[in-house]
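The values are calculated or read from the model by the stated rules, or taken from the named source; none is laboratory data. On a predicted model such as this, the values are computed, not experimentally measured, just so you know. Cβ placement follows ideal geometry from the backbone for every residue including glycine, while neighbour counts extend to all protein chains displayed.
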């Protein structure tokens, strides 16, 4: 049975198919379809170069993926245009770029993470992701109230256990150090400063221990349970043990959590998609049916149906067939065992 993972990536807004994927800047025409290429792109005494030639060079898979991506983006923009302020998203992107020293520096940083990515590509993906997040939040029925209940601002100080390294701490030493740090903080030491100096989690230590918004299911159970039991502004009075070591956990004040609901919902969407990717296929199928989508090219339609569309009846039949086979195998084994027993009795 074919595994359908690509829709999950699209739903998360993590890829810009075709253009970004091949290292080229697909935004030269603004990505808005304004350029009219025509059917023939070049002529010569050797023959013409047509749009079909280019598409065939790209290959059915890439063309079909790009087609499906653009169809989804177009539909979702139409569906949620009144709920998304694209100018606000662009302002947020501008602010991000400024933090990295401007657009040029930002593009250099992005290119290291994803070759071919440009600032314009990034803007388009951020906007597309917002529409996708709205769609999935609605389909998963994630309300503002649920988002508020399932999120917390978290920070921690990690004291790692490393008994193999002669300079590392044993379990007992790590727990004792964590207890001492809790006492220091309770006596007036600043949590953020202690995190910077003592935490063995370099990523959060650089942010004074901050983990940002944490949604349920995102962290290991021991950590999450301790965090959500705290009141805003409160810190654990004892170290919390996990496979990573001992944590001193602090919950943020969360005074402006309602302003970050979109980010919370986005995290919850990602989590639920990971928990059950199959639902995404059903959501896409319903969306295409709602908008009467028809793919005119047979090869593209076939590829999209096989890759992105639900085949619940087929999968259910396969599962039922597998179960029947298992039952038949068990029955055969039982009959063979009975026959062996009878033969032994006769002897």
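If you take the residues of segment 207-227 that are touching a strand residue (DSSP E or B) at 6+ places or on another chain (Cβ under 6 Å) and either touching a residue at least 60 places away in the same chain (Cβ under 8 Å) or assigned to a helix (DSSP H, G or I) (or both), which of them is surrounded by the fewest Cβ atoms within 10 Å (Cβ to Cβ)?
Only one residue tops the list, namely 222.
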Test result for residue 113, outside the structural domain of residue 203 (by TED's automatic domain parsing), closer than 30 Å to residue 243 by Cα and at pLDDT below 90: yes
Those residues of segment 251-265 which are part of a loop (DSSP other than H, G, I, E, B), touching a residue at least 24 places away in the same chain (Cβ under 8 Å) and at negative phi, in sequence order: 252, 253
Count of segment 43-78 residues which are part of a loop (DSSP other than H, G, I, E, B) and over 30 Å from residue 130 (Cα atoms): 6
Matching option when the condition is under 30 Å from residue 239 (Cβ atoms), out of contact with any helix residue (DSSP H, G or I) (no Cβ under 7 Å at 6 or more places or on another chain) and not in a helix (DSSP H, G or I), among 158, 169: 158
Count of residues meeting criterion [part of a loop (DSSP other than H, G, I, E, B) and either modelled with pLDDT of 95 or more or surrounded by 14 or more Cβ atoms within 10 Å (Cβ to Cβ) (or both)] in segment 232-250: 6
Any chance residue 200 is in a loop (DSSP other than H, G, I, E, B) and touching a strand residue (DSSP E or B) at 6+ places or on another chain (Cβ under 6 Å): yes
Meets criteria (over 26 Å from residue 271 (Cβ atoms), surrounded by fewer than 16 Cβ atoms within 10 Å (Cβ to Cβ) and at pLDDT 95 or above) for residue 164: no
Failed criterion for residue 129 (all others in (1) part of a helix (DSSP H, G or I); (2) in contact with a helix residue (DSSP H, G or I) (Cβ under 9 Å, 6 or more places away or on another chain); (3) farther than 28 Å from residue 216 by Cβ hold): (3)
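From the list 91, 96, 107, pick out the single residue that is assigned to a helix (DSSP H, G or I) and either outside the structural domain of residue 268 (by TED's automatic domain parsing) or at pLDDT 90 or above (or both).
Among 91, 96, 107, only 91 is assigned to a helix (DSSP H, G or I) and either outside the structural domain of residue 268 (by TED's automatic domain parsing) or at pLDDT 90 or above (or both).
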Some residue of segment 186-203 being within 30 Å of residue 265 (Cα to Cα), under 25 Å from the mean Cα position of the chain (by Cα) and touching a residue at least 60 places away in the same chain (Cβ under 8 Å): no
Inter-residue pairs, beta-carbon under 6 Å, first in contact (Cβ under 8 Å) with a residue 24 or more places away in the chain and in segment 53-64, second surrounded by 14 or more Cβ atoms within 10 Å (Cβ to Cβ) and outside any helix (DSSP H, G or I), 6+ apart: 62/18
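Would you point out the residue of segment 134-145, among those that are free of Cβ contacts under 8 Å to residues at least 12 places away in the same chain and assigned to a helix (DSSP H, G or I), that is nearest to residue 266 (Cα to Cα)?
Top of the filtered list is 138.
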